[in-house]
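All remarks here apply to the structure that follows.
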Amino acid sequence: APTPHTSGPRSFPAGFLWGSATASYQVEGAATEGGRGPTIWDTFSHTPGKTHNGDTGDVADDFYHRYPEDVKFMRGLGLKTCRFSIAWSRIFPNGTGAPNQAGIDFYRRLTETLLANGIEPYATLFHWDLPQALQDKGGWENRDTAKAFADYAGFIAGRLSGTVRNIMTTNEIRSFTEIGYGSGRHAPGLQVGRKRLAQLTHHAVLAHGLAVRAIRASAPRAKLGLAENSSATVPVIEAPEHIAAARIAMREENAQYLGVILSGKYTDHYLRKLGADAPQFTAEDLAAISSPIDFVGVNVYTPDYVRAADNEIGYVSVPPPASFPHMLSPWLTVGPEALYWAPRLIHENWHPKEQFITENGCSSTDQMAPDGEIYDTDRVMYLRNYIANMHRAVTEGIPIKGYFLWSLLDNYEWADGYDKRFGITYVDFKTQKRTLKLSGHLYKEIIARNSLM
Ligand code: GBH
């Protein structure tokens, strides 16, 4: 095996955490086993016409049963860490009320198995699978959901404190609010309009903050953060005026998500833009929302190009032309420099102590060649270039401590069902057989050397 190094021109700092990321509903399956309660994704995926081909996460990667083999597989890749999510409805089948011991035991076994294989667990407490019982009471539109989340978070962090030291409260507040209640493409499939969307987004950031407080009380040694898909603003040309514009855009495009969480304020521009549709909130809410955290997780996929403009706010967005290259998912435009600019501009705006890239990856056609190999050379190209840009950020002193590739396995890609594969490992969904793709071999080499080649 190659010797890991830390001093070559393309190497990463010693101890850099290379990992992979997944989410409960996308991999676990066993949707009705172990006392798990129904979630909004069970309801949505079983509603005709909502997902590609009517696909559901009923079985997915069957990770609930196959995790012992899958963890061994991770170890074979050399992964140092694994990001997974806890299904709220396995712990509290109705969102609140009596806990379900079988659910707690599942995550205890999973995290013990990870540790026994030398892999550090990074747990996300909410990756979109809201208990249906809470949706029946209004979901994120109901402020009580924030309190219910904090209760669940404090409870499970305490119960797992023996094996789980690193916790992310939520995954992508921006996505589950905008797509669940704005466009309606994801569960619960609503289109509530701008005012209600702003208010429920406030409840979601409040849920994060209240959860931070609850976890500090129940698991004082935990390292806490969240995983957010910030808008990854990129200066269209790397010239000082456009860089300054991208810095402002980072602040304003993320004002109701990372911005309020890291600064404790909604920006004047955000509140002015919304006018009468601005959320109702108190100073106490803002204090809770901005409770200190230990790290910021950033999910990076696509660039949002901006340029300087002579207008009130100082920038305009530059939408990609129709010819712009993208991966198999039409939304996934290829802009490797997003993995340099997002961490840098987050650092320059809010100075979080540590950052992690909590997701980065892509969809590809992933056809199996006659020799049984999967030549996903486009994903190899994608990863090499994105990781090279992260390397630039690390080299310039942005405190990025680790990288979680999305995803270890092909899995249930939400409304796209099993049609879009994001794994570095191919999954035959008929047999559950796993086959490492060419991109998986690349990642294994990068981890072994702690360096790009
Ligand atoms: C992440 O979202 C998620 O955290 C993860 O669960 C997911 O599997 C992964 O990315 C890959 O998609 O279909 O036009 O409505 C990334 C941000 C936001 C990108 C929703 C896709 C849907 C666009 N995603 N967006 S559309």
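The values are calculated or read from the model by the stated rules, or taken from the named source; none is laboratory data. The shown structure was predicted, so the numbers you read here are calculated from the model rather than taken from an experiment. We place every Cβ from the backbone using ideal geometry, glycine too, and count neighbours over all the protein chains shown.
Does segment 446-453 contain any residue that is at pLDDT below 95 and surrounded by fewer than 23 Cβ atoms within 10 Å (Cβ to Cβ)? Can you show your working first?
Going through segment 446-453, the residues at pLDDT below 95 turn out to be 453.
Add one more test, that the residue is surrounded by fewer than 23 Cβ atoms within 10 Å (Cβ to Cβ), and what stays is 453.
The answer is yes, given that some residue of segment 446-453 is at pLDDT below 95 and surrounded by fewer than 23 Cβ atoms within 10 Å (Cβ to Cβ).
Out of all the residues in segment 395-416, which are of a type in the set (D, E, K, R), under 26 Å from VAL71 (Cα atoms) and more than 16 Å from the ligand (Cβ to nearest atom)?
LYS401
From (1) within 15 Å of ILE91 (Cα to Cα); (2) assigned to a loop (DSSP other than H, G, I, E, B); (3) small (Gly, Ala, Ser), pick out the condition that doesn't hold for GLY118.
With (1) within 15 Å of ILE91 (Cα to Cα); (2) assigned to a loop (DSSP other than H, G, I, E, B); (3) small (Gly, Ala, Ser) applied to GLY118, the lone miss is (1).
Looking only at segment 179-188, count how many residues are crowded, with 18+ Cβ neighbours inside 10 Å and touching a residue at least 12 places away in the same chain (Cβ under 8 Å).
Filtering segment 179-188 for residues crowded, with 18+ Cβ neighbours inside 10 Å gives 179-182, 186-188.
Then drop every residue that is not touching a residue at least 12 places away in the same chain (Cβ under 8 Å), which leaves 180-182, 186-188.
Of the residues in segment 179-188, 6 are crowded, with 18+ Cβ neighbours inside 10 Å and touching a residue at least 12 places away in the same chain (Cβ under 8 Å).
Which members of segment 78-96 meet the condition of being touching a strand residue (DSSP E or B) at 6+ places or on another chain (Cβ under 8 Å) and outside any loop (DSSP other than H, G, I, E, B)? Even if it seems obvious, please write down each step before you answer.
Just the residues of segment 78-96 that are touching a strand residue (DSSP E or B) at 6+ places or on another chain (Cβ under 8 Å), to begin with: 78-89, 92-95.
Passing the criteria: THR81, CYS82, ARG83, PHE84, SER85, TRP88, SER89.
Of the conditions (1) surrounded by fewer than 24 Cβ atoms within 10 Å (Cβ to Cβ); (2) touching a residue at least 40 places away in the same chain (Cβ under 8 Å); (3) not in a loop (DSSP other than H, G, I, E, B), GLY372 satisfies every one except a single condition; which number is it?
(3)
Would you check if THR22 is under 23 Å from the mean Cα position of the chain (by Cα) and among the β-branched types (Val, Ile, Thr)?
On the way: under 23 Å from the mean Cα position of the chain (by Cα): yes; among the β-branched types (Val, Ile, Thr): yes.
Criteria met by THR22.
Of the residues that sit in segment 163-200 and are hydroxyl-bearing (Ser, Thr, Tyr) and within 16 Å of the ligand (Cβ to nearest atom), which one is nearest to the chain's Cα centre (by Cα)?
Our first condition is that a residue be hydroxyl-bearing (Ser, Thr, Tyr); within segment 163-200, this holds for 163, 169-170, 175, 177, 181, 183.
Adding the requirement that they be within 16 Å of the ligand (Cβ to nearest atom) leaves 169-170, 175, 177, 181, 183.
Working: THR169: 11, THR170: 8, SER175: 10, THR177: 14, TYR181: 18, SER183: 19 Å.
Only one residue tops the list, namely THR170.
Can you pull out the residues in segment 291-310 that are touching a strand residue (DSSP E or B) at 6+ places or on another chain (Cβ under 7 Å) and among the charged types (D, E, K, R)?
Of segment 291-310, the ones touching a strand residue (DSSP E or B) at 6+ places or on another chain (Cβ under 7 Å) are 293-300, 302-309.
Answer for segment 291-310, where residues must be touching a strand residue (DSSP E or B) at 6+ places or on another chain (Cβ under 7 Å) and among the charged types (D, E, K, R): ASP294, ASP304, ARG307.
For segment 15-38, which positions are within 26 Å of THR81 (Cβ to Cβ) and either in contact with a Pro (Cβ under 8 Å, 6 or more places away or on another chain) or modelled with pLDDT under 95 (or both)? Talk me through it step by step, then tell me what you get.
Applying the first criterion (within 26 Å of THR81 (Cβ to Cβ)) to segment 15-38 yields 15-30, 34, 36.
Within segment 15-38, ARG36 is the sole residue that qualifies.
Could you grab me the full set of residues in segment 131-149 that are over 19 Å from VAL212 (Cβ atoms) and in contact (Cβ under 8 Å) with a residue 24 or more places away in the chain?
Narrowing segment 131-149 to residues over 19 Å from VAL212 (Cβ atoms): 131-139, 141-142.
Matches in segment 131-149: PRO131, GLN132, ALA133, LEU134, GLN135, GLY139, GLU141, ASN142.
Restricted to segment 392-427, and to residues that are outside any loop (DSSP other than H, G, I, E, B) and hydroxyl-bearing (Ser, Thr, Tyr), which residue is surrounded by the fewest Cβ atoms within 10 Å (Cβ to Cβ)? It would help to see each step written out before you state the result.
So in segment 392-427, the residues outside any loop (DSSP other than H, G, I, E, B) come out as 392-395, 400-405, 414-416, 421, 425-427.
Narrowing further to those that are hydroxyl-bearing (Ser, Thr, Tyr): 395, 403, 425-426.
Working: THR395: 14, TYR403: 27, THR425: 24, TYR426: 21.
Going through the qualifying residues, I end up with THR395.
For segment 282-294, check the following and say yes or no: at least one residue is farther than 18 Å from THR170 by Cβ and not in a helix (DSSP H, G or I). First the steps, then the outcome.
Kept after step one, since they are farther than 18 Å from THR170 by Cβ, are these residues of segment 282-294: 282-284, 287.
If we keep only those that are not in a helix (DSSP H, G or I) too, we end up with 282.
So far as segment 282-294 goes, yes, one or more of its residues are farther than 18 Å from THR170 by Cβ and not in a helix (DSSP H, G or I).
Show the residue pairs that are 6+ apart or on different chains and have beta-carbon atoms under 9 Å apart, the first residue being within segment 430-453 and touching a residue at least 60 places away in the same chain (Cβ under 8 Å) and closer than 22 Å to THR6 by Cα, the second being of a type in the set (Val, Ile, Thr) and surrounded by fewer than 16 Cβ atoms within 10 Å (Cβ to Cβ).
Sorted first by the residue in segment 430-453, then by its partner, the pairs are ALA448/THR3; ARG449/THR3; ASN450/THR6; SER451/THR6.
Scan segment 296-347 residue by residue and report those that are assigned to a strand (DSSP E or B), away from the ligand (no atom under 13 Å from the Cβ) and crowded, with 22+ Cβ neighbours inside 10 Å.
First, pick out the residues of segment 296-347 that are assigned to a strand (DSSP E or B): 296-299, 304-308, 315-317, 326, 333.
Filter once more, keeping what is away from the ligand (no atom under 13 Å from the Cβ): 296, 305-308, 315-317.
Result: VAL296, TYR305, VAL306, TYR315.
Does any residue of segment 380-392 turn out to be farther than 24 Å from VAL59 by Cα, within 16 Å of the ligand (Cβ to nearest atom) and of a type in the set (Lys, Arg)?
Step one: filter segment 380-392 for residues farther than 24 Å from VAL59 by Cα, giving 380-392.
Filter once more, so that each one left must be within 16 Å of the ligand (Cβ to nearest atom): 382-383, 386.
Right, trim to of a type in the set (Lys, Arg) and you get none.
Checked segment 380-392: no residue is farther than 24 Å from VAL59 by Cα, within 16 Å of the ligand (Cβ to nearest atom) and of a type in the set (Lys, Arg).
Counting only residues that are surrounded by fewer than 19 Cβ atoms within 10 Å (Cβ to Cβ) and in contact with a strand residue (DSSP E or B) (Cβ under 9 Å, 6 or more places away or on another chain), how many does segment 121-138 have?
Counting residues in segment 121-138 that are surrounded by fewer than 19 Cβ atoms within 10 Å (Cβ to Cβ) and in contact with a strand residue (DSSP E or B) (Cβ under 9 Å, 6 or more places away or on another chain) gives 0.
Could you please tell me which pairs satisfy a Cβ distance under 8 Å, a separation of 6+ or placement on different chains, a first residue in segment 208-228 that is under 20 Å from ALA148 (Cα atoms) and within 16 Å of the ligand (Cβ to nearest atom), and a second residue that is assigned to a helix (DSSP H, G or I) and of a type in the set (A, V, I, L, M, F, W, C)?
From residues that are under 20 Å from ALA148 (Cα atoms) and within 16 Å of the ligand (Cβ to nearest atom), the pairs are HIS208/ILE173; HIS208/ILE261; HIS208/ILE289; LEU226/ILE173; LEU226/ILE261.
Inspect all residues belonging to segment 61-83 and state whether any of them is surrounded by 23 or more Cβ atoms within 10 Å (Cβ to Cβ), within 20 Å of ILE215 (Cβ to Cβ) and in contact with a helix residue (DSSP H, G or I) (Cβ under 6 Å, 6 or more places away or on another chain).
Looking through segment 61-83, at least one residue is surrounded by 23 or more Cβ atoms within 10 Å (Cβ to Cβ), within 20 Å of ILE215 (Cβ to Cβ) and in contact with a helix residue (DSSP H, G or I) (Cβ under 6 Å, 6 or more places away or on another chain).
Got a number for residues in segment 376-391 being among the aliphatic types (A, V, I, L, M), surrounded by 19 or more Cβ atoms within 10 Å (Cβ to Cβ) and within 20 Å of SER7 (Cα to Cα)? Show your work before the answer.
In the first step, residues of segment 376-391 are kept if they are among the aliphatic types (A, V, I, L, M); the result is 380-381, 383, 387-388, 390.
Add one more test, that the residue is surrounded by 19 or more Cβ atoms within 10 Å (Cβ to Cβ), and what stays is 380, 383, 387, 390.
Next, only the ones that are within 20 Å of SER7 (Cα to Cα) stay: 387, 390.
Result for segment 376-391: 2.
Restricting the first residue to segment 324-335 and requiring it to be closer than 15 Å to THR365 by Cα, which pairs with a second residue that is within 11 Å of the ligand (Cβ to nearest atom) and among the aromatic types (Phe, Trp, Tyr) meet a Cβ separation below 7 Å and a spacing of at least six or different chains?
These pairs meet every condition: LEU332/TYR301.
Six or more apart or on different chains, Cβ under 6 Å: which pairs go from a residue in segment 293-304 that's farther than 11 Å from ILE167 by Cα to one that's within 12 Å of the ligand (Cβ to nearest atom) and assigned to a strand (DSSP E or B)? Could you list them?
Here the result reads ASN299/ALA227; ASN299/THR358; ASN299/GLU359; THR302/THR333, each pair linking segment 293-304 to a residue that is within 12 Å of the ligand (Cβ to nearest atom) and assigned to a strand (DSSP E or B).
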